[in-house]
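The values are calculated or read from the model by the stated rules, or taken from the named source; none is laboratory data. A quick note: this is a predicted structure, and the numbers were derived from the prediction, not measured. In this analysis, Cβ positions are derived from the backbone assuming ideal geometry, glycine residues included, and neighbour counts consider all displayed protein chains. Heads up: the accessible areas ignore ligands, DNA and RNA and are worked out on the full protein's heavy atoms, side chains in. Shrake-Rupley method; radii C 1.70, N 1.55, O 1.52, S 1.80 Å.
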Amino acid sequence: MRIAVAGATGNIGARTAAALEQAGHEVVRISRSLGVDLITGDGLGAALTGVDAVVDATSYEAADRDDAVAYFGTATRNLLAAGEGAGVRHHVLLSIVGVDRVEGNAHYAGKREQERLVTEGPVPWTIVPVTQFHDFAATLTSWTEQDGVATIAPLLVQPIAPADAAGILAEIATGTPQGRYRDVAGPEPQDLVDMARRTNEARGHAVKLVPTWQSLLGSEMAGDVLLPGEGARIAPTTFDEWLAKPQ
């Protein structure tokens, strides 16, 4: 198959593209750095010519809700319109477990707009809700760190290895559209603060962690809000196994 991956230079997009190629598929990598702009639409029609399926693994970090909704909305509209014009038969969207349970987060608002547009759009679709990735905790602390101190919310998550998530996206992209896919998660719940501590220690990075709800993620995400629902698909790689591998 000929499959396009939007966000192909990102954490999950790059791994998804690699997994598809390893399985023998032709991959069209879509990103601004590669000459295709999802916001302006430049190069998008040509990129999707002859494409059977599209995987949208784009990401955008914005503190402002309207900014996030505008970005994800524009990119998704352009991708769907170009996909319809090119005769794409399957649009696969990477989303987040619990996206409808968190109102105050700008990123989640943007992802909800993505989901709305895909479900109402012209291309047959599969939405894949995935939990946080194993590297999520350390990424958060890198954003908040100042003078050797980083704040982080004391959340309960059930993280998944990025490579596992990418492999599942690649698998789904080669199949038929399924609508909303079941939740996808790693094998065991973890405390986000402990994940950050252990990841930074494994990387040799000294940082003092301050657990607080006055950080990037709020208390509306507490409890089981971010955990997968019943019948979830559980990926195999544990956090300990991921941490032991060279990153």
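Arrange the peptides 167-176, 49-58 so that the one whose residues have, on average, the most other Cβ atoms within 10 Å appears first. Could you put the intermediate results ahead of the total?
Details: 167-176: 18.7, 49-58: 22.3.
In descending order of packing, they fall as 49-58, 167-176.
Please work out the Cα convex hull volume for the stretch 26-146 and give it in Å³ per residue.
Values: hull volume 14.8 nm³, N = 121.
Value for the stretch 26-146: 123 Å³ per residue.
Got a number for carbon plus sulfur as a percent of the chain's accessible area, 1.4 Å probe? Kindly include the intermediate steps, with their values, before the conclusion.
Details: 5280 of 10700 Å².
Its accessible area is 49 percent carbon and sulfur atoms.
Are there DSSP H segments in the chain that both extend 20 Å or more along their axis (alpha-carbon positions) and score a mean Kyte-Doolittle hydropathy of at least -0.5? List them, or say none. Present the calculation step by step, with values, prior to reporting the outcome.
Working: long enough: 65-86 (31 Å, -0.07); 106-120 (21 Å, -1.39).
Passing helices, by number: 65-86.
Under 8 Å for C-alpha pairs, at least 6 residues apart: give me the relative contact order for the chain, rounded to a whole percent. Each step should come with its number before you reach the end.
On the way: 532 pairs, mean separation 48.6, N = 247.
Reported as a whole number, the value is 20 percent.
Over the chain, with the other protein chains present, what is the accessible area per residue in square angstrom, probe 1.4 angstrom?
Working: 10700 Å² over 247 residues.
Counting only protein heavy atoms, the per-residue value for the chain is 43 Å².
Over the stretch 140-221, one equal point on each Cα, no solvent: what is log10 I(q)/I(0) by the Debye formula at q = 0.17, 0.21, 0.23 Å⁻¹?
Values returned for q = 0.17, 0.21, 0.23 Å⁻¹ are -0.79, -0.99, -1.08.
How high is the relative contact order of the stretch 124-211, in percent, with contacts defined as C-alpha pairs under 8 Å that are six or more residues apart?
Details: 134 pairs, mean separation 40.7, N = 88.
Dividing the mean separation by the residue count of the stretch 124-211 yields 46 percent.
Suppose every K and R has +1 on its Cβ and every D and E has -1 on its Cβ; what is the size of the dipole of the stretch 110-247 about the Cα centre, in Debye to the nearest 20? Write out the running numbers ahead of the final one.
Details: 11 positive and 18 negative charges, 40 e Å.
It works out to roughly 200 debye.
Could you give the size of the charge dipole of the stretch 86-172 about its Cα centre, using +1 on the Cβ of each K and R and -1 on the Cβ of each D and E, expressed in debye and rounded to the nearest 20? Before the final figure, lay out the partial values.
On the way: 5 positive and 10 negative charges, 56 e Å.
Its charge dipole is roughly 280 debye.
Alpha carbon centre of the stretch 82-117 versus the stretch 4-63: separation in Å?
Rounded to whole Å, the Cα centres lie 15 Å apart.
Once Lys and Arg get +1 and Asp and Glu get -1 on their Cβ, which of Gly41, Ile152, Val69 lies farthest toward the positive end of the dipole of the chain?
Towards the positive end, the residue furthest out is Gly41.
Dipole of the chain, Cα-centred, from +1 at each Lys and Arg C-beta and -1 at each Asp and Glu C-beta, to the nearest 20 debye?
Charge dipole, the chain, about its Cα centre: 360 debye, nearest 20.
Just from its helices, what would the mean residue ellipticity at 222 nm be for the chain, if runs of 4 or more DSSP H residues each count -39500 (n - 2.57) and the sum is divided by every residue, rounded to the nearest 500 deg cm²/dmol?
Working: 8 runs with 91 residues, N = 247.
Computed ellipticity for the chain at 222 nm equals -11500 deg cm²/dmol.
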